[in-house]
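Just so you know, all these numbers are worked out from the coordinates, no wet-lab data involved. What you see is a predicted model, and the numbers here were worked out from it, not measured in a lab. Positions of Cβ are generated from backbone atoms using ideal geometry, with glycine treated the same way; all protein chains shown enter the neighbour counts.
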Amino acid sequence: MNGINTIRKFSRGYRHAGRYREILGILVKNGFGYLFEKRGRGDSKTSLLNDERVGRRLVKTLTELGPTFVKFGQMLSCRPDLLPDELIRALVRLQTEVPPFPREEAVRMLEEELGKPLDELFSEFADTPGGSASVAQGYRAKLKDGRPVFVKVQRPGILSRIMIDLEILGGLAEHLEKTFPELEVIRPVKLAEDFRNGFLQELNFLNEAANMRAFAQEFEDDDEVVIPEPIAGYCTRRILTMSYVDALPFTDMEAIRNSGIDCGKIAELGVRLLQKQVFDGGFFHGDPHPGNMFVMPGPKIAYIDFGVMGRLTGRERDLLRKIAAAMFFGDMREMAYGVAALSENPEEVDTDELERELATLVASHLHGSVNDLNVVQFVFDLHQLCYRRKLRMAPHLFRMFRSMAYADAMGRALVPDFNIMALLRPYVLKQSIAGLNPLRRWKELLQGAGEWTELLRHAPHLTRQIMERLKDGRLTIRTEQPDTRKLAESVRRGARRLADALLIAALLTAATILAVFKVGPLLGGMSVAGAVAGAVALLMLIAYFFRKD
C-alpha cells in the first residue's frame with residue numbers, strides 16, 4: 001500500500017499531511033493497515049468487527065491518536081446498537097490521561113478571555129489544578145465578594161488541533177463507508193458528523209453554562225438537588241466559572257458511609273431524580289457517572305459537568321412509560337411494539353421475532369419477580385439485542401439507558417439490597433392508570449383536532465386525484481422488496497388504524513358542529529346528537545389507543 005497516496009486521497013487538499021502521516025503510522029503499527037485495502041462485497045467482516053483482539057488494539061490505537069479519537073471511542077461505547085459486545089466492553093475502558101498544562105498558561109487565557117488581570121478577578125486562585133482532563137482543567141478560587149468558585153479553563157490551542165482531527169476523522173469515515181459495504185448499518189459518515197457536532201457544542205463552555213441554568217430550572221422547586229450556578233461575567237466560550245460544590249463524590253463510597261448520611265435515602269433520592277429527568281421533564285444529565293455526582297447532608301445530590309445532556313420528546317417519554325409498564329405486567333407484545341417504535345427504523349422490525357427475543361431476555365434475567373432484575377446487565381443485554389436485530393436507536397436513548405444503569409449500580413454500592421425496579425414500580429403503575437383517564441385522552445385528541453380537520457378538508461381533493469390517476473392508468477406505486485408477509489400485515493394494520501382514525505375525526509368534527517350550533521333535540525341546553533357523537537368518538541378513541549394490533 002502506498003501510504004502517501006492513501007493520505008492524499010482523503011486529505012482535503014493535503015493541508016495536514018504531517019498529522020495524516022502520524023495517524024496512518026499509528027493505525028498500521030497497531031494492525032489496522034487493512035482498513036486501506038480495497039475490499040469487495042463478498043469479503044468477510046469477521047476481522048473487521050468480531051475478532052476479540054480488535055477491541056484491545058482499538059483502545060490502544062485511539063489512546064495513541066489523542067483526545068479527539070479517545071472522545072470518539074467513548075461516544076462509540078454508547079452505541080451498542082451498532083457495535084458487538086467485544087468492542088463495547090473494550091471501549092468503555094477508554095480513559096484520557098493527559099498531564100496538566102502550566103498555571104501560567106491558564107492565567108494568561110483567563111486574563112485574555114475576561115479582559116482583566118487575575119488579581120482584579122479573584123481574591124484567591126489555586127496554584128495547582130483541582131482536576132485535569134483532555135479538554136480543560138479546573139481551579140478552585142474565590143471571587144472578590146468571597147464566594148468560593150470553581151474555574152474551568154480550556155486547554156490552550158486545543159480547538160485548532162481538534163478541528164484538524166475532526167476533518168481527518170470525517171475523511172476516514174468516508175473512506176471506510178466506501179471501502180467496507182458491510183459497515184452500511186453503522187453509517188460511519190453520519191457517526192462522524194454527529195460526533196463532530198456534539199463535540200464542538202461541548203467545547204463551547206457557554207453551552208454548558210446554558211445547560212446548567214436549564215437543568216436548575218427543572219429542579220427549581222426541589223431542595224434535594226444541587227446544581228452549580230454559572231457566574232455572570234465570568235463565563236466565555238473557553239472559560240466557565242461556577243459556584244463551588246463542597247460535597248462527597250460518589251467515587252468515595254467509604255467516606256459517604258462514614259459521613260452519617262442515610263445511604264438508603266441517598267439511593268432512593270437518586271432514583272427519584274432520575275425518574276423526574278427521564279419521565280417527567282425529559283431533560284437529563286447525559287453522563288451521570290460517579291465522578292460527576294456528589295452527596296451532601298440532607299441528604300442532597302449534586303451534579304457537575306453539564307457538557308453532555310439528553311432531551312426526550314413527549315412521544316419518547318410516553319413510549320418509555322409504556323415499555324416499563326409492559327415489562328411490569330409481563331406484556332412482551334406491547335413491549336416489542338414500544339421498543340420498535342423507539343427505533344429509527346421501525347418499518348424494518350419484525351415485531352413477532354422481537355417479541356420472542358424480548359420474552360427470552362426478560363425470562364433469562366428474572367428469577368422471581370421483576371423487582372429482582374439486575375438493571376445493569378439487563379440494559380447491556382438489551383443493547384446487544386438491538387445490535388443483533390439491527391435496531392438503530394438515537395444516541396440520547398442509549399445515554400438514558402446508561403443513566404438508569406448508573407443509578408442502579410450506585411444504589412447497590414450504597415445499599416446491598418437496593419432495588420431500582422421496586423422504587424420505579426409505583427410510579428409506572430400510577431402513570432399507567434393516569435393514561436386510562438378519558439379526559440386526558442379527550443384533551444390529546446382535541447389538541448390534534450386542527451390537524452384532523454385539515455386532513456379531512458383536503459381528503460376529497462386528494463381522493464379525486466388518486467381516482468383520476470387510477471382511471472387514466474397514471475397511478476404509480478414505488479415499492480421495494482421486503483418480506484411480503486410483514487408488508488401485508490403492516491398494510492392491513494395501517495389501513496385499519498387509518499380508517500378508525502378518520503371515523504373518530506369525523507365523529508369529533510360532527511360533535512363539535514352539533515354542539516356549537518346547538519342542533520336539536522336539546523337537553524339542558526346541550527345538543528343530544530352532539531353528545532352522542534362525542535361519546536362514541538371517545539369510546540372509539542380509548543379502544544384505538546389500547547388495542548394491540
How large is ³J(HN,Hα) for each residue in segment 323-330, as worked out from phi by the Karplus curve 6.51 cos²θ - 1.76 cosθ + 1.60 (θ = phi - 60°), to whole Hz, x for Gly and Pro?
-> 5, 4, 5, 4, 5, 5, 8, x
Which whole-number percent is the relative contact order of segment 159-315 (Cα, under 8 Å, 6+ apart)?
-> 23 percent
Once the dipole of segment 219-297 is set up from charges on Cβ (+1 Lys and Arg, -1 Asp and Glu), the residue from the list TYR234, PRO288, THR251 lying farthest towards its positive end is TYR234
Distant-in-sequence amide H partners of VAL226 (H built 1.01 Å from N, under 5 Å) | ILE301, ALA302, TYR303
Fewest first, what order do ARG213, ARG389, ARG187 take by the number of other Cβ atoms within 10 Å?
-> ARG213, ARG187, ARG389
Could you order peptides 223-232, 400-409, 114-123, 165-174 by the average number of other Cβ atoms within 10 Å of their residues, highest first?
-> 400-409, 165-174, 223-232, 114-123
Exposure proxy check: THR509, THR68, THR360 ranked by fewest other beta carbons within 10 Å?
-> THR360, THR509, THR68
